[in-house]
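What follows is calculated from the coordinates using simple rules that are stated; it is not laboratory data. If you're wondering where the values come from, they're calculated on a predicted model, not measured in any experiment. Cβ: placed from backbone, ideal geometry, glycine included. Neighbour counts: every protein chain shown.
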Amino acid sequence: MLIKSGRLSEQESKLSRRSVLRGFVGASAVSVPLPLLNCFLSDSGAALAATGQALPVRFGTWFWGLGMNRRVFVPKKIGADFDFPEEISVLEPLRRHLNLFTGFSVPIDGNPNLCHYSGWVALRCGATPKSRSDLPGESLDNPIAEAIGGRTPFRMINVAATGNPRDSYSFRNSDSVNPPEISAVDLYQKMFTKVSPEAGAAADPRMLLRRSVLSGVAEDARSLSRQLGAEDRSKLDQFLTSVRELETRLEWQLAPADVSGVCPKAPGEPNSVGVGLDYRLVESRHTAMADLLVLALACNKTSVFNVLYSNSASLITREGLDSVHHNITHEELYDPKQGIQLQSSWFLRESFKAFAYFIGALARQTEGAGSLIDNVLVYAHSDNEDAKTHVLNGTPMFTVGRAGGRLRTGLHIDGGGDVATRLGYTVQRVMGLPVAEWGVGSLRTNREITEILV
C-alpha cells in the first residue's frame with residue numbers, strides 16, 4: 001500500500017493531474033502528459049487527491065484471428081488453479097491478471113455461418129450478421145467510450161499490428177467503422193506532438209525521434225522536478241526514461257536496411273517495420289503499439305482502446321512456408337500423434353506470446369498503490385474455435401485486469417454451452433453501463449457471469 005511520508009509541499013498541492021510538460025522541437029509543439037504521481041493521489045494511493053474519486057477504470061479489447069487448437073488450449077481444470085496447456089503456456093506466469101472462458105456458444109439463428117466473420121461480429125455487438133457487409137449493431141466499446149471516453153483527449157485509440165487500415169473491429173454500424181492507427185510512429189506523433197501554424201506540415205518523425213520530444217520539454221521537466229518530493233522525482237525520471245527507450249526503438253524501426261555489408265543482419269532479421277505480414281514485423285509493430293498504449297492510459301490520454309494483433313482470416317506468414325496462416329488452417333493435416341495442426345498452432349502461440357507481452361506491459365506500469373492492470377478491463381477473443389472447420393461454439397475469450405477491484409481474476413470458466421454474449425453483457429455492466437439485457441435472438445441475455453464478480 002502506498003503511504004505518503006509527510007504533507008505535500010505547497011508547490012505539489014498546486015499541481016493537477018492534467019499538468020503536462022510543454023515545449024518545442026523545431027517547429028513542432030510537443031507535450032508530454034504526466035502519469036499518476038503520488039502528489040495527485042490520496043494517502044492510500046487508491047483515489048485522486050483533488051476529488052476523492054477512485055482511480056479511473058479503462059476499457060479495451062484485444063483480438064487475434066483463427067481461434068485455437070482445443071487439445072492443447074483448453075485447460076482440464078476449471079475454477080482457480082487451472083492448468084495452462086502448451087498452446088497458452090506463455091500466459092501461465094500472468095494467471096493472476098486474467099480469466100479464461102471456454103465452452104460458450106454462438107448460436108446463429110438460421111443466419112449463415114460466415115467464415116471468420118460471424119463469430120467476432122456476434123461477440124462484439126451481440127448479433128450475428130446476415131452478410132459480410134452487415135454489422136447489425138454497434139460494437140460494445142462504443143457505448144463504453146460514450147460513458148468514459150469524454151474525460152480524455154482521445155475518445156478511443158484503435159491500433160492494428162497488421163498495418164492494414166481496414167483491420168478494425170470497432171464500429172457503430174456497417175457504414176461507420178472506427179479506423180485504426182497502423183503505424184507506431186504515427187501514434188507517437190499523435191500522442192506527443194502538435195504542429196504549429198507556421199510550420200505548415202508535420203515534422204520529420206526521424207528528427208523527432210532522434211532529438212526526442214523530451215529535449216523540447218526539458219526545461220519544464222526540470223522545473224517540475226524541483227517541485228516534487230523524492231519518490232515522485234524518481235517516478236518522473238522512470239517515466240521519462242521509458243519514453244526515451246520507446247523513441248529509441250521506434251527510431252531503429254524507421255532506419256533503412258543496411259546495404260553496406262558493414263553491419264549485416266542477424267540471421268532471419270527483418271529489414272524494418274514497414275509493409276509486410278511476416279510474423280516478426282507484426283510482433284514488432286504490436287510491441288511498440290502496446291508500449292505506446294500503456295503510456296496513453298497511464299497519462300490519461302485515453303480511457304478506451306482496441307488492439308488487433310491479427311485479423312480473423314490472418315495472412316501472417318513466416319520464412320520457409322509457402323502459405324499464410326489462414327491457408328495453413330485448411331491445408332495442413334492433423335499431426336497423427338498430437339491430433340492438431342502443428343504449423344497453425346505455432347502461429348497461435350506467437351499470438352499468445354504477443355498477448356502476454358501486452359498483459360505484462362500493463363502490469364509493469366505502476367499506478368497508485370498497485371499497477372495499471374488493477375484499473376483496466378480488457379476483453380479479448382478470437383473469431384471461432386477451430387479454424388479448419390469454422391466451429392463457432394467454444395470460441396475462446398479472456399478478460400484481463402481487475403477493473404478497479406470489481407473483478408476476480410485467475411479463473412477458468414467453462415460455459416457449458418451457454419451463450420457467449422454473457423461475457424460481453426458482464427463487461428458492460430462492470431464498466432457501469434445501465435444495460436438490462438444485451439444481444440439479439442438466441443444471443444440475448446440478462447445474466448452476468450457472477451463467478452468473476454467481486
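Summarised as an ellipsoid, the stretch 24-91 has semi-axes of 41, 23, 10 Å, derived from the eigenvalues of the Cα gyration tensor scaled by 5 and square-rooted, with the largest first.
Note: the stretch 351-413, Cα convex hull, 87 Å³ per residue. Over the chain, DSSP H runs of length four or greater, each weighted -39,500 (n - 2.57), average out per residue to a 222 nm ellipticity of -9500 deg cm²/dmol.
Close amide H pairs (under 5 Å, H built 1.01 Å from N) link Met397 with Phe101, residues at least 5 positions away or on another chain. Of the chymotrypsin sites (Phe, Trp or Tyr not before Pro) found in the stretch 282-342, no site is in coil according to DSSP while having at most 11 other Cβ atoms within 10 Å of its Cβ. Gain on full extension, evaluated as 0.36 nm per residue between Glu219 and Asp237 minus their Cα-Cα distance, stands at 5.1 nm. What FRET efficiency comes out for the pair Tyr334/Ala80, r = Cβ-Cβ distance, R0 = 35 Å, nearest 0.05? Approximately 0.60, to the nearest 0.05. In summary, the stretch 279-372 shows an alpha-carbon radius of gyration equal to 1.35 times the 2.2 N^0.38 Å reference for compact globular proteins. Cα gyration tensor of the stretch 399-454, axes a ≥ b ≥ c as square roots of the eigenvalues: rounded (a/c below 1.5), prolate (a/b > b/c) or oblate? Because a/c hits 1.5 or more and a/b fails to exceed b/c, the stretch 399-454 counts as oblate.
Return the percentage of antiparallel bridges among DSSP beta bridges fully within the chain, rounded to the nearest 5 %. Here the antiparallel bridges make up roughly 55 percent for the chain. Taken one residue at a time, the phi angles of the stretch 387-399 give Karplus couplings (6.51, -1.76, 1.60, θ = phi - 60°) of 6, 5, 9, 6, 5, 8, 5, x, 3, x, 9, 9, 10 Hz. Gly and Pro are set to x.
Label sites at Ala369 and Asn113, each approximated as a point 7 angstrom past Cα along Cα to Cβ, lie 4.9 nm apart. Pairs Lys235/Lys301; Lys130/Lys190; Lys130/Lys353; Lys194/Lys353; Lys235/Lys353; Lys76/Lys130: which exceed 26 Å Cα-Cα? Checking Cα-Cα distances, Lys130/Lys190; Lys130/Lys353; Lys194/Lys353; Lys235/Lys353; Lys76/Lys130 exceed 26 Å. Here the contact order of the chain, divided by its residue count and restricted to Cα pairs under 8 Å and six or more residues apart, works out to 30 percent.
The mean sequence distance of close C-alpha pairs (under 8 Å, at least 6 residues apart), as a share of the length of the stretch 97-138, puts its relative contact order at 30 percent. Of the residues Glu350, Glu146, the one with the fewest other Cβ atoms within 10 Å heads the list, and the complete ranking is Glu146, Glu350.
Evaluated on the stretch 104-154, the Kirkwood hydrodynamic radius is 12.1 Å, with distances taken between all distinct Cα atoms. Measuring max minus min along each principal axis, the C-alpha atoms of the stretch 296-454 give extents of 48, 39, 27 Å (largest first). Counting neighbouring Cβ atoms within 10 Å and putting the fewest first, the residues Trp252, Trp62, Trp346 line up as Trp252, Trp346, Trp62.
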